[in-house]
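The structure appears below as structure tokens.
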Amino acid sequence: MVTDIVYLIGGILLLYLGGDFLVKGSVSLANHFKVSPFFIGIVIISLGTSFPELIVSVEAALKGHPDISLGNIVGSNIANIALALGITALALPIVVRKRKIWIDWLFLFGISGYLIIFSQVYNELGQLTGVGLLVILGIYYLYQIWDDRQQQKEIKPEKAKYTSWLSVVIVVAAFFVLAFGAEGVIEGGSNIAKSMGISERIISLTVIAFGTSLPEIATSFVAALRKQLDISIANVLGSNIFNAAGVLGITAVIRPIQVNNRILNFDYWWMLGFLVLLLLMIFVFRQRKISRIEGGILIVVYAVYIYLLF
């Protein structure tokens, strides 16, 4: 038990450090290549912070643990919105500056709906479903590249903090630090949970999902502290899109994922509900802003979800 606690605490520390370096290196890259911080957040950082989810889901599928493969992603996407944005908004209200943020939300909503429909029809995520998810992801990234080029004239380049090569080294090193940190959190946290007799579905939706979401939480929080608010919101949206389309797409192509009825009839809908709540907070309650109060609401609603799981 003591060893597991050490793994858990050490993993959390590595995730925070990885998030800090990822923000520094990525912003420096953005300045070198004259692309927007939002694009860096939605593509590069989101891929890096979703790396732990990819490792966990693929490994779980290969070892015959479909509840962990799918529960990890559903729980992570819920935690990303509720905790990454909730905690970040408590520290510093998130002002959404990107005009076309609704398109990113719409892609994520569409992918979530795609998962629900195909899970309902086939009771699994098969190889063709996985290919469809990867095609959607490819279309999304092509849109991001096109949109960023359209905004090039509006970008005011700042002086890069590091050289281009050092920026790349920092980003790559941060990816590895995040992966090792997530591994420590998952191993320590899951062992503690298993000793308490908790099912794989609940472990994956809570402990493992929280562990693999820590890179997003740490990165969004650190980005907010460094006033890189575009990265905070882009990191969450990009990570959730890559989790749902990329991670599940790759995993399903490698091995079809059986869908637990509880995930299908309960957890999927909570994932969709948090997404709708995020839309209301950005565009209805307070125009293009997630306040501290709304950040607190996200955390409270997440606590209700966790309570209902048990």
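The values are calculated or read from the model by the stated rules, or taken from the named source; none is laboratory data. Note that this is a predicted model, so its numbers are computed, not measured. Quick reminder, even Gly has a Cβ in these numbers, built from the backbone with ideal geometry, and neighbours come from all protein chains shown. Ligands, DNA and RNA are excluded from the accessible area calculation, which covers all protein heavy atoms including side chains. Shrake-Rupley method; radii C 1.70, N 1.55, O 1.52, S 1.80 Å.
Quick notes on this structure:
- Condition met for A173 (touching a residue at least 24 places away in the same chain (Cβ under 8 Å), in a helix (DSSP H, G or I), of a type in the set (G, A, S) and crowded, with 18+ Cβ neighbours inside 10 Å): no
- Residue match in region 280-297 (condition: in a helix (DSSP H, G or I), open to solvent by 30 Å² or more (accessible area, probe 1.4 Å), β-branched (V, I, T) and modelled with pLDDT of 80 or more): yes
- Remark: I68 matches the filter, which requires a residue to be under 15 Å from L125 (Cβ atoms), open to solvent by less than 40 Å² (accessible area, probe 1.4 Å), assigned to a helix (DSSP H, G or I) and in contact (Cβ under 8 Å) with a residue 60 or more places away in the chain.
- All of A30, A61 fail the test of being among the small types (G, A, S), free of Cβ contacts under 8 Å to residues at least 24 places away in the same chain and part of a helix (DSSP H, G or I), apart from A30.
- Condition met for A234 (crowded, with 24+ Cβ neighbours inside 10 Å, at pLDDT below 80, in a helix (DSSP H, G or I) and not acidic (D, E)): yes
- Taken as a whole, the structure leaves S195 outside the set of residues that are hydroxyl-bearing (S, T, Y) and either open to solvent by less than 50 Å² (accessible area, probe 1.4 Å) or without any contact (Cβ under 8 Å) to a residue 12 or more places away in the chain (or both).
- Taken over region 260-279, the criterion of being among the β-branched types (V, I, T) and open to solvent by 10 Å² or more (accessible area, probe 1.4 Å) is satisfied by V276 alone.
- Remark: pairs (first residue in region 143-155, modelled with pLDDT of 80 or more; second residue open to solvent by less than 100 Å² (accessible area, probe 1.4 Å) and assigned to a helix (DSSP H, G or I); Cβ separation under 7 Å; 6+ apart in sequence or on different chains) = Q144/F39; Q144/I42; Q144/V43.
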